[in-house]
Structures are given as structure tokens and as C-alpha cells.
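A.B. asks: Below you will find the structure I want to go over with you.
All of the numbers you see were taken from the coordinates with simple rules; none came from a lab. Note that the structure is a prediction, hence the values are computed from the model and not measured. Using ideal geometry, Cβ is built from the backbone for each residue, glycine included, and neighbour counts are taken over all protein chains shown.
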Amino acid sequence: MARKSSAEAPAEEREKKVNIRKIGALKPVLGFLKPYRMRLVGAMLALAFTAGVTLSIGQGIRLLIDGGFTSDSSAQLAESVEFFMTLVVLLAFGTFARYYLVSWIGERVTADMRKAVFSHIISLHPGFFESTSSGEIQSRITTDTTLIQTVVGSSVSVALRNLLMFIGGMIWLFITNAKFTLILLGTIPLVIVPIIVFGRRVRNLSRSSQDKIADVGSYVNESISNIKTVHAFNHQSADRTRFGEHVEAAFDVAVTRIAQRAWLTVAVIILVFGGISVMLWWGGQDVQAGVISGGDLAAFVFYAIMVAGSMGSITEVLGDLQRAAGATERLIELLHMDNLIVAPAQPAQLPADTQADIEMRNVSFSYPTRPDHLAVDNVCLRVGKGKTLALVGASGAGKSTIIDLLLRFYDVQQGEILFDGVNISSVDPLELRHHIGLVPQQPTLFSGTVIDNIRYGSPDASDQDVFAAAKSAYAHDFIERLPNGYDSQVGEAGVRLSGGQRQRLAIARAILKNPDLLLLDEATSALDADSEYMVQKALDSLTKARTTIVIAHRLATVINADQIAVLDQGKVVATGQHDELLKHSDLYRRWADLQFKISGAALSGEAV
């Protein structure tokens, strides 16, 4: 038995700490309330006023019965009714002020929290999103903040109002009849026990419920984002089944939580109003015996019901507070997530006349999710101003990782990357990326118009500059043929455009930005032969004025590059121009044989 007690003690201690942490999870919300102190004060005054008026109604009922109904004076009856109606009118206007102010604060705090979370999330390093799904983030910003809005804009107000009425009601109960009040108080321990038991279960289920809802949102987002793949593989039925499992899991947790709260309410109502029933039996006997008046008994019953109702409301609000505590915890977890890529306290400045001279010195890097595998292993590369460096290699060789490192999406573990002689880890990431343009292999478009997506590269660009960029990317003609030209909607992720059209818009976006360093990740892979020819011409003219790093799977697109780096399993195994690599790199020559379908000996820049 001694062992069991010693084992249970730490468990109970941990549970107490968890409960304290749950309650403390709501504290960060106070920070979002500070800017609206005056409105908060106004809401509290309105709340106190309505609670006071509500308590006064009990005295109005007493006067109405003892001074109005039981008297023979019509004037006294009229005064009692007027007093009662005055209280009702004051209660109505006080409730209006309280409801408006509290609801406004709830909506305002929710909006501020959503903006704060989104602003922080969108600035986090890309590595964070490798382990956190977009659906979960979306759920936290929408569903969790809605729960907090319910608490701030309603539940807390209800709880405070009922707390005031409970305290005021208890005072009036003692003033009206101390004996009956003591009888009523005898039921309170019976009410507290179920509150503790069921409340603890609700707390544990609240966080689980929100996690299940997040799983539902994440699955919906993933399926809808890849709807073509779903249909191509006839996966609708399987996805319906899996989604149903997620929904049912969330439903089961929610039903369990609801059942616990429902039983809590049942216990409170039966026990409290059972006590009131006992009190009415004794009180009715005293009225019959002339010990108290009917008005006093009516007032006492009113306060007793108010106290019981307040206690019941508070128990219901506790459930909302527990759910909001879990939601707040999830949101604050995002707000406190550290950004691993930040500007130094005193960032170094790039030269005013940027040359985009890029050098990688003994760079090694592994992704946080795969720390034991070097994606880039002791890489040394150099590309000067206006030159083109091509990165070739099999999938997984480290080509895209180098692009990510140049953009400082991640920091290297060993070595350094220099931009015009300045280590990019000492530069503000925003300043660094201002000089870099990216055309990814899978172009990203946002819901909106064509012109909005091109202007994404330079938000302040004029329409004429946008048109010029589109023409340079050979996108102007197909844009003009769209139903609304440049004002045509591209749909979610550009679903209304073909792959080649999306790629040309991405190229136009990069042209509009006019960067010093251009990063091309297989930029022509999604184009047909005619479009590729036109875009390649545009890229040729674009790359002459700036440093360019190209990822290529097709060697034909990089034959004329100033330098080609051959990567294999994260290492640079050969560098040189096309003809040099054909002679000195067996790996490059084998790729050339496979792609050009002719003997390596016959391959040369002129032959191709």
C-alpha cells in the first residue's frame, strides 16, 4: 500500500500542475485586452449596474406583493408597479450597454489575435512547416480563436455577472431570512463535488476535442488542394472513408465532453432546486403561521432561484473556459514558436553597387527532420557577376537545397555562403531576398487576377511595367486571349491556367522584380516545345545582365552555361563547361548519352 500511495502522490501533483497550467493558459489573452481598457471599464460598469438592478427586482417583487397586492390602496399599487417597471427599463438599457461593449471587445480581441498569429506564422522559417501542417495552423487561427471570442465576448461577462448576482443574492438571502439561507447553503457541498469531478474530465477532453477538429481541417485542406490527383486515382471512396473516420473521431470526443457537461448541469439543477423545494415547504409553513409575509417569501424564492441559476450558469461557463484555455494554449504555442532565421542585432550591409558575386565555401547542411543525412556535403562553388552557373544531378543530389540555402530559408551547419563577400548569415534576410528572384519548378500562383500575380514580384510596379514583363516572358499574347485579359481570375493556385501558362506568369513575376541574382529551378520544364523556345529566348536575354544559378535536369538547356556543377549525393563531383565535362566526368557523359541518344564521343557544343 505504501508503494501505491507514493506512486499516486506524484500523479496527483502532476494533475494539479496541469490544472494550474490550464487556467494560466488564459493569461496571455489579457495582453490583447490592454489596448481597450476604457471599453473594458465601461463594460464592467454596465455589468455591475445590471447585476445591481437585477438584485433590486427582488425588492420590487416584495413591495409589489406586500405593498400592492395585499393593500387596499390603488395609489400604493400604482407606485409599486411604477417602481418595478423602472427597474425593468434600467435593466434593459444596462443589458444593451453590457452586451454591446462586451461583444465588441470579444470580436476585437479575436481579430487582433488572428492577425498576431498570422503575422508571426508567415515570418517563420520554412523548416517549421515541414513538421506542422497548414490545416492545423488554419484550424488554430479560425476555430481556436472563435472559442476565445465566445469566452471574451460572452462567457466571461456571463460568469462575472452571475458571480455578482450570486454574492449579492446570498447577502439578500441572509437579510431576508437567515434560517432559510442556512438550509439552502446545506446543498452547496453537494453541488461542488460534481463540479470538481465532471469539470476535471471536461478539461482533459477539451484539448483532445480541438486536436481532433484540427485533424479534420488538415485532411480537408490536403484533399481539396490535390483534387485532381484524388480523381485521377479514383480515390474518392477511400478519401470519404478516411475523412469519415476523422470526423467520427472528433464527434466521439465531442460527445463525451458534452455528456460530461450535461451530467454536470443535471446534478447542479437537481441538487440546487431540490434544496429550494425543501426551503419552500418550510417557508410555506412560516407564511401560514404568520412568521413571515408572502412578499418576504417571494423575495427569498427570487433570490434563491437567482443564486441557483447563477451557480448553474457559472458551471456551464467553466466548460467554455476550459475549452478556451486549451485553444489559447494552442495559439500561444504558435506565437511563441521561435524563428530560426532572423536578422542579426546589427546586420551587415551589402555593397551599394550589388554585383551578386556568389561563393559557397565548404558548405554542409542537413535538414532538421533528417539530421543524420547531409543534403549538402562540403560544397565549394563560385559564380561571378553576370555569369550563369548550372546545377545538374539526379533527384536528391542537393540542387534544390542549394537554392534554399542561397535564399537563407535555412542556415548552414558548416561553412559559409558569401554574397559580394558578405556572409549571408550576417545579413537581414529581407535585404538579402530583395536582391534575389526565384522561378520555381512548380510555379506558385495566388487566388486573384493575372495582373495581381505578376505584380507580386514588385507590388509598386505600374501597369505598363507589368505588361512589359509579361511580353518579355512571352505571356502577353495568351493573357490577352483570356476572358478579362489581365483582370482574369486565375483560380485557387492558378487552377484555371495550364502548367505552361502558370510557368510564364512566374517568369514574368521574376522579370518584373529585376533581381541581381536569378534562381531558376527547371523554369522551362512545364512548357511545350514552342513555349519553351520563346521563354528560353526571354531567359537568355534576362540572364545576360545578372548572375544566374540554374537547376536543370535536361542538359540541352544548360549547354551554354558559363559553368556546370555536377552533384551526386550532396557533393560536387565535377565542374566545368559542357565540353570539358564530356571529357572528364563519367557521370555527366552517361547522362548526356541517355538524353541525347548519341555516343558521347560525338557530343560537343556544336553538334548539339
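A.B. asks: What is the spin-label model distance, in nm, from Trp282 to Ile305 if the labels are put 7 Å beyond Cα along the C-beta direction?
C.D. replies: Going by the 7 Å Cα→Cβ label model, 2.1 nm.
A.B. asks: While we're here: Trypsin sites (Lys or Arg not before Pro) within the range 535-577: which are DSSP loop residues with at most 16 other Cβ atoms inside 10 Å?
C.D. replies: Lys544, Arg554
A.B. asks: Let me test this: with uniform point scatterers at the alpha carbons of the range 374-465, what is the Debye-based log₁₀ I(q)/I(0) at q = 0.16, 0.24, 0.25 1/Å?
C.D. replies: For the range 374-465 at q = 0.16, 0.24, 0.25 Å⁻¹, log10 I(q)/I(0) is -0.85, -1.38, -1.43.
A.B. asks: Just to confirm my numbers, what's the Cα centroid distance between the range 84-101 and the range 31-57 in Å?
C.D. replies: The two parts, judged by their Cα centres, are 12 Å apart.
A.B. asks: So which chymotrypsin sites (Phe, Trp or Tyr not before Pro) in the range 385-486 end up in coil per DSSP with only 16 or fewer other C-beta atoms within 10 Å?
C.D. replies: Sites meeting the loop and neighbour criteria: Phe409, Phe446.
A.B. asks: Can you tell me the FRET efficiency between Asp463 and Asn362 if r is taken as the Cβ-Cβ distance and R0 is 45 Å, rounded to the nearest 0.05?
C.D. replies: Numbers: r = 47 Å, r/R0 = 1.04.
After rounding to 0.05, the efficiency reads 0.45.
A.B. asks: Something else now. Expressed in nm to one decimal, what extension gain is obtained for the pair Leu45 and Asp530 from 0.36 nm per residue of sequence separation less their Cα-Cα distance?
C.D. replies: 167.3 nm
A.B. asks: Stretch Asp338-Glu79 to full length: gain in nm at 0.36 nm per residue minus the Cα-Cα span?
C.D. replies: Residue separation times 0.36 nm, minus the Cα-Cα distance, leaves 86.6 nm.
A.B. asks: With a point put 7 Å past each Cα toward its Cβ, work out how far Arg37 is from Arg590 in nm, to one decimal.
C.D. replies: The two pseudo-label positions are separated by 7.3 nm.
A.B. asks: By how many nm would the segment from Asn514 to Leu430 lengthen if fully extended, with 0.36 nm per residue of separation less the alpha-carbon distance?
C.D. replies: Stretched out fully, the Asn514 to Leu430 stretch lengthens by 28.7 nm.
A.B. asks: From the cross-link list Lys513/Lys571; Lys471/Lys537; Lys115/Lys513; Lys34/Lys115; Lys385/Lys583; Lys544/Lys571, which pairs have alpha carbons spaced over 21 Å apart? Numbers along the way, then the final one.
C.D. replies: Working: Lys513/Lys571 32 Å; Lys471/Lys537 12 Å; Lys115/Lys513 27 Å; Lys34/Lys115 16 Å; Lys385/Lys583 27 Å; Lys544/Lys571 28 Å.
Violating the 21 Å Cα-Cα cut-off are Lys513/Lys571; Lys115/Lys513; Lys385/Lys583; Lys544/Lys571.
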